[in-house]
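Following: one structure in structure tokens, then a few remarks.
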Amino acid sequence: MQEFERISISEISKEDMLMILEALEYTGKNTNIDTFISLKDSIVKELSELADSTEDEFIEYLRKAII
């Protein structure tokens, strides 16, 4: 088996991404494990930079996209 230092996701639906982000936040809050919140924040930061938006704008974009 090959070892990877980083994994890239080339395509994922907006709905799935929002679900992942919300699951990380929920798990972090309900287990008091900050690593889950940190991971969520890191993903949102990276994606919002790619989208040339603020983090809040990006989350709102995902929410509106699935309504």
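Data table
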{"read-out": "Residues satisfying the stated conditions in the stretch 44-58, i.e. among the hydrophobic types (A, V, I, L, M, F, W, C) and either within 9 Å of the chain's Cα centre (by Cα) or outside any helix (DSSP H, G or I) (or both)", "value": "Val44, Leu47, Ala51"}
{"read-out": "Of all residues in the stretch 1-43 being without any contact (Cβ under 8 Å) to a residue 12 or more places away in the chain, part of a helix (DSSP H, G or I) and among the hydrophobic types (A, V, I, L, M, F, W, C), the one that is surrounded by the fewest Cβ atoms within 10 Å (Cβ to Cβ)", "value": "Ala23"}
{"read-out": "Matching residues in the stretch 47-62 - criterion: being closer than 20 Å to Ile9 by Cβ, among the charged types (D, E, K, R) and loosely packed, with under 12 Cβ neighbours inside 10 Å", "value": "Asp52"}
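A quick yes/no check of all residues on (1) at pLDDT 95 or above; (2) touching a helix residue (DSSP H, G or I) at 6+ places or on another chain (Cβ under 8 Å); (3) not β-branched (Val, Ile, Thr):
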position: Phe4; (1), (2), (3): no, no, yes
position: Ser10; (1), (2), (3): no, no, yes
position: Thr54; (1), (2), (3): yes, yes, no
position: Ile67; (1), (2), (3): no, no, no
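The values are calculated or read from the model by the stated rules, or taken from the named source; none is laboratory data. Remember, it's a predicted structure, so these values are computed and weren't measured experimentally. Glycine gets a Cβ as well: all are built from the backbone with ideal geometry, and neighbour counts include every protein chain shown.
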